[in-house]
Amino acid sequence: MTNALLKTEKLCKTFSNGGVQQHVLKNLDITLIEGDFTIIMGSSGSGKSTLLYALSGMDKPTLGTIHFGAKNISELNNDKLAKFRRNNCGFVFQQVHLLDNMSILDNVLASGMLSSQSKRTLVDKAKKLLKQVGLNEESWRKFPSQLSGGEAQRAGIVRALINDPKIVFADEPTGALNSASSDSVLDVLTKVNNNGQSIVMVTHDMKTAMRGNRILYLHDGVMRGDLNLGAYDPSRNAQRLERLKGFLTEMGW
Ligand SMILES: Nc1ncnc2c1ncn2[C@@H]1O[C@H](COP(=O)(O)OP(=O)(O)OP(=O)(O)O)[C@@H](O)[C@H]1O
Ligand SMILES: [Mg+2]
């Protein structure tokens, strides 16, 4: 049984640049499935980030609808949309943007303060999650500038997870990292997904895309392809990589 998590109908996003209309997302009908690790690929400027912002309620579509379960989130006013995001979504970006004047632990706690969790619950959960991503007590007390890029990104993932989101949206989360740090961050995201949380991740990188079980290919604001890659399984990586390569070649990547 597969359950729809997010469903768009005729989703459009148009920007007006100096009086010129740019149609960035064009009539997208997408159904994201609960528990999936969905990857969005496509060339630069194809609309991937714009799509991620629309799906996550960070930005409103110009036309069309987005349903989260039975709720039409495209109809919500800004306050309700912010509440929807707080209760259901986590965000991981290429640049982590932790607050410089706060410790790592406080950065995570700050993101949890707007939820209804008690301080005690939050602190316990933050510490547990930080440990799970391989950040020890010594790191909790550090300031963001004292962490490596990979450590900071793992802290960023904990910040995204503190309110138990149903979906984690990630826009090129490993784009600024070296290969080893990138692997450590992807391992964390794989664990998050194995825990049952859905992930939607934009990437330009094939190795990163291999973490997903479904690849959507966006071309000039239109969904050109949709590949069911099967769940991430390092023992079948060679086969999956061949399938992904074949798909991307077909897509004109
Ligand atoms: N706020 C905005 N105002 C005007 N135009 C925008 C805005 N956001 C995005 N665009 C335009 O929409 C198009 C798609 O941008 P988007 O950031 O979604 O691309 P992308 O696929 O994420 O690219 P990249 O791989 O380079 O990150 C671009 O031409 C961009 O200039
Ligand atoms: Mg982008």
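The values are calculated or read from the model by the stated rules, or taken from the named source; none is laboratory data. Here the structure is a predicted model, which is why all the values come from computation and not from measurement. So basically every Cβ, Gly included, is an ideal-geometry build from the backbone, and we count neighbours across all protein chains shown. Ligands, DNA and RNA are stripped out before the accessible areas are found, and what is left, the full protein with its side chains, is counted by its heavy atoms. Shrake-Rupley method; radii C 1.70, N 1.55, O 1.52, S 1.80 Å.
General remarks:
- From the list Ser44, Ser16, the lone residue that is out of contact with any strand residue (DSSP E or B) (no Cβ under 9 Å at 6 or more places or on another chain) and within 12 Å of ligand 1 (Cβ to nearest atom) is Ser44.
- Test: Lys48 is away from ligand 2 (no atom under 16 Å from the Cβ) and not acidic (Asp, Glu): no
- Residue in the stretch 183-203 that is within 16 Å of ligand 2 (Cβ to nearest atom), over 23 Å from Ser118 (Cα atoms) and in a helix (DSSP H, G or I) present: no
- Of everything listed in (1) at pLDDT 95 or above; (2) open to solvent by 50 Å² or more (accessible area, probe 1.4 Å); (3) within 15 Å of ligand 1 (Cβ to nearest atom); (4) more than 17 Å from the chain's Cα centre (by Cα), the single unmet condition for Tyr53 is (4).
- Any hit, the stretch 69-78, residues being more than 30 Å from Lys10 (Cα to Cα), open to solvent by less than 30 Å² (accessible area, probe 1.4 Å) and without any contact (Cβ under 8 Å) to a residue 24 or more places away in the chain: no
- Filter pass, Asn88 being more than 10 Å from ligand 1 (Cβ to nearest atom), open to solvent by 60 Å² or more (accessible area, probe 1.4 Å) and not aromatic (Phe, Trp, Tyr): no
Each row is one residue, and each column tells you yes or no for (1) at positive phi; (2) free of Cβ contacts under 8 Å to residues at least 60 places away in the same chain; (3) within 16 Å of ligand 1 (Cβ to nearest atom); (4) open to solvent by 50 Å² or more (accessible area, probe 1.4 Å).
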{"position": "Lys142", "(1), (2), (3), (4)": "no, yes, no, yes"}
{"position": "Glu151", "(1), (2), (3), (4)": "no, yes, no, yes"}
{"position": "Pro165", "(1), (2), (3), (4)": "no, no, no, no"}
{"position": "Val168", "(1), (2), (3), (4)": "no, no, no, no"}
{"position": "Ser182", "(1), (2), (3), (4)": "no, yes, no, no"}
{"position": "Val185", "(1), (2), (3), (4)": "no, yes, no, no"}
